[in-house]
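Structure record follows, encoded as structure tokens.
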């Protein structure tokens with residue numbers, strides 16, 4: 001099992017003309033700004049850093065926009081970096097995921113949230 005996070009732009013209606021029947025059609029599109037995946041095995045480490053729900057279940061705590069993640073992910077990343085040995089105790093025994101992977105995931109996601117603060121947050125478990 002894993003977590004997929006994605007930051008999307010606004011949904012736009014795009015009009016097009018079918019080359020076969022020459023009819024006008026429309027479809028909805030949204031730009032994908034950022035996407036990342038991480039193993040679910042790191043959920044306990046994320047919980048210990050105070051960012052489990054921000055990563056895995058943002059909708060449950062009312063997070064819809066990337067800007068809402070900047071402060072909690074910054075605090076979680078600071079927490080992770082402040083005491084690596086504490087968090088490395090949560091490394092999964094099966095070897096799927098580790099402290100360094102979570103730190104890098106959070107760092108990248110935080111940077112994406114800062115780059116596209118108005119983007120829509122989507123988490124899929």
* Yes/no for residue 15 being out of contact with any helix residue (DSSP H, G or I) (no Cβ under 6 Å at 6 or more places or on another chain), farther than 27 Å from residue 125 by Cβ and not in a helix (DSSP H, G or I) -> yes
* In segment 90-99, is there at least one residue being touching a strand residue (DSSP E or B) at 6+ places or on another chain (Cβ under 9 Å), within 16 Å of residue 3 (Cβ to Cβ) and surrounded by 19 or more Cβ atoms within 10 Å (Cβ to Cβ)? -> yes
* Say we look at segment 21-42 and pick out the residues that are free of Cβ contacts under 8 Å to residues at least 24 places away in the same chain and in contact with a strand residue (DSSP E or B) (Cβ under 8 Å, 6 or more places away or on another chain); which of these is farthest from residue 105 (Cα to Cα)? -> 23
* Just a yes or no: is a residue in segment 98-115 outside any helix (DSSP H, G or I) and touching a helix residue (DSSP H, G or I) at 6+ places or on another chain (Cβ under 6 Å)? -> no
* Only one of 26, 74 is surrounded by 13 or more Cβ atoms within 10 Å (Cβ to Cβ) and outside any loop (DSSP other than H, G, I, E, B); which? -> 74
* Structure fact -> Here the residues within segment 10-20 that are without any contact (Cβ under 8 Å) to a residue 12 or more places away in the chain and in contact with a strand residue (DSSP E or B) (Cβ under 8 Å, 6 or more places away or on another chain) are 15, 16, 17, 18
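Suppose the filter is touching a helix residue (DSSP H, G or I) at 6+ places or on another chain (Cβ under 9 Å), part of a helix (DSSP H, G or I), without any contact (Cβ under 8 Å) to a residue 24 or more places away in the chain and loosely packed, with under 12 Cβ neighbours inside 10 Å; does residue 47 pass it?
no
Quick note: the coordinates plus some simple rules give every number you see, no bench work behind them. Every value quoted in this text rests on a predicted model; they were computed, and no experiment measured them. Glycine also receives a Cβ, built like all others from the backbone with ideal geometry; neighbour counts cover every protein chain displayed.
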